[in-house]
Amino acid sequence: MEATPGIKKIREVRALCDRSSVRRKAGLFVTEGERICNEIPGEDLEAVYMSSGYRKTHPGERCDYLMKDADFARLADTRHPQGILAVVKQKHYELKDLTGGSLYIILETIQDPGNLGTIIRTAEAAGVSAVIMNKGCVDIYSPKVVRSTMGSIFRVPFIYSDDLTGTIRQLKEDGIVIYAADLSGTDMYETAFSERKAYVIGNEANGVSSDMISLADRIVKIPMEGQVDSLNAAVSAAVLMYRR
């Protein structure tokens, strides 16, 4: 039986949308929209909020909190909400849970939510074993990132590393060959790639740092024609993920 959320509940949801510190402390995040809400694993679903209009057309679906359309629109993070929003439990992985894979993406200070979300979605499509990020990356649980993953956030393992250098060294000890994407590298089409590997993708403005370059086993570049001298981080990651 659905209830009407009080002011406290509404403020809690807004805080989860707006503040990464609140999300971390609660171990929860918010996602919005019919498609992605339908992909949430049942055990991870904390609560479902619906507008009255959406409820009328979806009477058999789970609804914990029912709201007037205008109130839901003010609560939602999108400009034109579909009428369904969910509070979801965060996933927690450790590096030991991710070892043994054959393809990893390592992200260094990726700041754009759309880039990170697209990388996560592409990682699922390309069969990536896990995505590893440093603490400088945007919060994967921010509403914009979650929407951009289009549900892949529930299926792609990932971690934020406090010590990316140490994490890369552990991967190398596990037999993973590290390839850093940088314009100083060898043409990717002239490179023989290891069966087990990780690609390092750097910050949108600054690229891969010198520290990561020094840790890499090989440096590779994506060849470009015309007057283009760089690619979007998500595009670069996608090209490399499909290079086997």
Next item on the list: Take V228 and decide whether it is over 19 Å from I132 (Cα atoms) and either without any contact (Cβ under 8 Å) to a residue 40 or more places away in the chain or out of contact with any Pro (no Cβ under 7 Å at 6 or more places or on another chain) (or both).
Entry: yes
Checklist line | So T109, is it assigned by TED's automatic domain parsing to the domain that holds A180, in contact (Cβ under 8 Å) with a residue 60 or more places away in the chain and at negative phi | finding: no
Next item on the list: Go through the stretch 169-190 residue by residue and tally those that are surrounded by 15 or more Cβ atoms within 10 Å (Cβ to Cβ) and closer than 15 Å to P223 by Cα.
Entry: 5
Note to self: Among the listed residues G127, G166, identify the single one that is within 28 Å of A86 (Cβ to Cβ) and at pLDDT 95 or above.
What the structure shows: G127
Note to self: Just checking, does the stretch 226-239 include any residue being over 27 Å from P113 (Cβ atoms), of a type outside the set (A, V, I, L, M) and at pLDDT below 95?
What the structure shows: yes
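Would you mind finding the one in I110, I119, I132, I106 that is assigned to a loop (DSSP other than H, G, I, E, B) and buried (at least 20 other Cβ atoms within 10 Å of the Cβ)?
Of I110, I119, I132, I106, the one residue that is assigned to a loop (DSSP other than H, G, I, E, B) and buried (at least 20 other Cβ atoms within 10 Å of the Cβ) is I110.
Would you be able to say whether some residue in the stretch 143-153 is touching a Phe, Trp or Tyr at 6+ places or on another chain (Cβ under 6 Å) and either among the hydroxyl-bearing types (S, T, Y) or surrounded by fewer than 21 Cβ atoms within 10 Å (Cβ to Cβ) (or both)?
No, the stretch 143-153 contains no residue that is touching a Phe, Trp or Tyr at 6+ places or on another chain (Cβ under 6 Å) and either among the hydroxyl-bearing types (S, T, Y) or surrounded by fewer than 21 Cβ atoms within 10 Å (Cβ to Cβ) (or both).
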Note to self: Need the failing condition index for C137 against (1) touching a residue at least 40 places away in the same chain (Cβ under 8 Å); (2) surrounded by 17 or more Cβ atoms within 10 Å (Cβ to Cβ); (3) out of contact with any Cys (no Cβ under 8 Å at 6 or more places or on another chain), just the number.
What the structure shows: (1)
Check: Which of the residues that make up the stretch 174-196 are in contact (Cβ under 8 Å) with a residue 60 or more places away in the chain and closer than 24 Å to V138 by Cα?
Finding: I178, Y179
Notebook entry, point to check: Just for the stretch 181-215: of the residues that are touching a Gly at 6+ places or on another chain (Cβ under 8 Å) and hydrophobic (A, V, I, L, M, F, W, C), which one is nearest to R244 (Cα to Cα)?
Noted result: A181
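The values are calculated or read from the model by the stated rules, or taken from the named source; none is laboratory data. Model, not experiment: these values are computed from the prediction. Because the Cβ atoms are built from the backbone with ideal geometry, glycine has one as well, and the counts that use them run over all protein chains shown.
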